[in-house]
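This report refers to the structure that appears directly beneath it.
The values are calculated or read from the model by the stated rules, or taken from the named source; none is laboratory data. Everything numeric in this text was worked out from a predicted model, so none of it was measured. Neighbour counts run over all protein chains shown; Cβ positions are idealised from the backbone, glycine included.
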Amino acid sequence: MTQQQYVQRLSETIIDNVGRVILGKREVVKLALAALYCRGHVLLEDVPGVGKTMLVKALAKSVGCSFKRIQFTPDLLPTDVTGVSVFNQKTGEFEFRPGPVMANVVLADEINRTSPKTQSALLEAMEEAQITADGDTYPIPEPFFVLATQNPIEYEGTFPLPEAQLDRFMFKLHLGYPDFQEEVNLLGRLQHVHPVDKLEQVAKIREILQAGEAVKEIHVDQSLKNYIVRLIHSLRNHSQVYLGASPRGSLAVFKGAQALAGIEGRDYVIPDDIKLAARWALPHRIILKPEAQLNGYSPEVLVTDILNQVPVPLEA
């Protein structure tokens, strides 16, 4: 079995398993898995009750990862996230007690309901997979995957995520409502027990790490690298854009495209991989000019327009 076949088979197994809990959202599950392979993180913005928490629980259970949930509230402290040093009277020394961020999969629920100071406690962990407490550095076990949620409707008492924090998220995803038949099926499946309670582990941590290494080797033609940068530069130079995507955005598209190609069983990236990755990796990194916002223009529409305008390399 080739590396590509291995990644494809593993991915199909995980996606199908999560699909037993999250109905009809295969693309969202695929993108979340791609971020996990790339050691990226996901911001999931949607209304309450559509399955945001269940998605991350099902993913963690499927791959046998340790799972912790942090409920972000206005009174949450940074040490409630990272951990705290406690004095041990028996030994006469301070001992570090790790916080919930020291897990493979972390659900940061309603991340915009806590103060910027506490939000920033996640920055080092998300970027460097480590935390610093009382001058000591502690590595976070691999793989490390943060899925943060926020409600796009209620803004009272919330703290919008700063650009530096938003830029740490590889993808910003939306689940959306299920269609009619999916919701009918959901009622029957939840009548006696929640499917996530019966969900079994179908992969091991070492397999996820191995798939992540295999994804890095997927070929990206030079013309496609140029295509990614052209997309980014077209966004930065657009007349309606106040702040464009950073080089971290280019990397998110690049790595995301590699992971999506691997999930499909290919050892090379095609333009469609880049377009799918860009659609979810770029909008949250863009700030529009005030006049564009007043006219109802959105970053999502802008990214779609740029993807339609920038020519795809013919030799790819």
Looking at segment 233-259 only, could you name the residues that are surrounded by 23 or more Cβ atoms within 10 Å (Cβ to Cβ) and without any contact (Cβ under 8 Å) to a residue 60 or more places away in the chain?
ALA245, VAL253, ALA257
Residues satisfying the stated conditions in segment 58-94, i.e. exposed (fewer than 11 other Cβ atoms within 10 Å of the Cβ) and among the charged types (D, E, K, R):
ASP75, LYS90, GLU93
Determine if segment 92-104 includes at least one residue that is modelled with pLDDT of 90 or more and among the acidic types (Asp, Glu).
no
Residues being surrounded by fewer than 19 Cβ atoms within 10 Å (Cβ to Cβ) and either in contact with a strand residue (DSSP E or B) (Cβ under 9 Å, 6 or more places away or on another chain) or without any contact (Cβ under 8 Å) to a residue 40 or more places away in the chain (or both) - total across segment 292-315:
13
Going through segment 107-160 in order, the residues found to be at pLDDT 85 or above, outside any strand (DSSP E or B) and aromatic (Phe, Trp, Tyr) are PHE144
For VAL229, only one of the following conditions fails: (1) assigned by TED's automatic domain parsing to the domain that holds PHE144; (2) of a type outside the set (S, T, N, Q); (3) surrounded by 13 or more Cβ atoms within 10 Å (Cβ to Cβ). What is its number?
(1)
Which of the helices (runs of 4 or more DSSP H) found entirely inside segment 245-316 contain at least 1 residues meeting this: closer than 19 Å to ILE15 by Cβ?
247-263, 271-281
Somewhere in segment 151-158, is a residue in contact with a helix residue (DSSP H, G or I) (Cβ under 7 Å, 6 or more places away or on another chain), exposed (fewer than 15 other Cβ atoms within 10 Å of the Cβ), under 26 Å from LEU260 (Cα atoms) and not hydroxyl-bearing (Ser, Thr, Tyr)?
no
Look at ASP75 and say whether it is over 19 Å from ALA32 (Cα atoms) and not in a helix (DSSP H, G or I).
yes
